[in-house]
Amino acid sequence: MALILIYFLLWAALLVTIIGSLRFRLPPTAIIGQISGFIGLSAALLQNLSKHSLPVYFWIQRLRLRFSWGAVTRWTFAARFDGDFGQDCLAEVISFLCDPKTFSMQVRVESHSSRQAIVTIDGSLVLTFSLELQEFSEANLAGGEDKAHFTVVSRVLELPYRYSVEKIQRQIVPLLTVLAARLSAAHSSFELDVEFRGKNPFFEVYIAHLKPEQIDDFRVTLHVDSTSPTRKDRVEIASKHVHITATSTDSLTRLASDFILLSPDVKVLLGAST
């Protein structure tokens, strides 16, 4: 912290010097030199602040991604609904989604059988729907009891960073919400996997004090809702990706926004278990 204080005092002194130079109309070359030094000192100050403050660190990361026009996120999502689904469940869901009176997005069916269908939503979102009936589930075949399973799996999506959360909020979450209401599932879960091009900014938080030989298999699991007895909403952080597991579309939306827009609750990050 002493180094940060020194940087800040130098930064403030240089700022006062620049204001004085402008006021007394010193030669442009002198002012340009002072401004260049001010920019370099500001960068050094922010870099040191980011090492001691997670909010500052993530603010810098957001700026970096926001002004990097080539920044692309690569991600997939999946959902699973468990319930007492009949053999016509998949056909009924497809019929429901294809009817413009009941579902507002454009749906094109690429292939369809009684147990699996591939559909394209709004020309860009390719999904695979699968139905596993209760009598064919692994638990029932082993002599136990289980529900039927309806799963949704997306193909890999690559989008500019600034459009990723918008797509989740305006297309994916509404679709999953409609499916959850239509299926009346007894239980549902949602997963989102985000792959970062280059370094994972969240991973950097945890490896700052580790030796290089400790990093290869290092993973962090955040139990987001520590007050929940099941602790099923969680975020797993690895070297190049973030994997989100949520039990509701509201949790999925919140966590996706936090971990794609790099605006997480710092208390959650500090309470992580490795």
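The values are calculated or read from the model by the stated rules, or taken from the named source; none is laboratory data. Just so it is clear, the structure is predicted and the values come from calculations on it, not from any experiment. Cβ atoms come from the backbone with ideal geometry, glycine included; neighbour counts cover every protein chain shown.
What do you reckon, is Lys101 of a type in the set (Lys, Arg) and either in contact with a Leu (Cβ under 9 Å, 6 or more places away or on another chain) or modelled with pLDDT of 90 or more (or both)? Yes: the conditions hold for Lys101. Of the numbered criteria (1) at pLDDT 75 or above; (2) of a type in the set (Lys, Arg); (3) assigned to a helix (DSSP H, G or I), the one Lys51 fails is (1).
Give the residue that is modelled with the highest pLDDT, with candidates limited to residues of region 111-145 that are of a type in the set (A, V, I, L, M, F, W, C) and over 30 Å from the mean Cα position of the chain (by Cα). Let's see the steps before the verdict.
Step one: list which residues in region 111-145 are of a type in the set (A, V, I, L, M, F, W, C), which gives 117-119, 121, 125-127, 129, 131, 133, 136, 139, 141-142.
When the remaining residues are screened for being over 30 Å from the mean Cα position of the chain (by Cα), the result is 133, 136, 139, 141-142.
Values: Leu133: 86, Phe136: 61, Ala139: 55, Leu141: 54, Ala142: 52.
Ranking the qualifying residues of region 111-145, first place goes to Leu133.
In region 90-102, is there at least one residue being touching an Asp or Glu at 6+ places or on another chain (Cβ under 7 Å) and either charged (D, E, K, R) or touching a residue at least 60 places away in the same chain (Cβ under 8 Å) (or both)?
No - not one qualifying residue is present in region 90-102.
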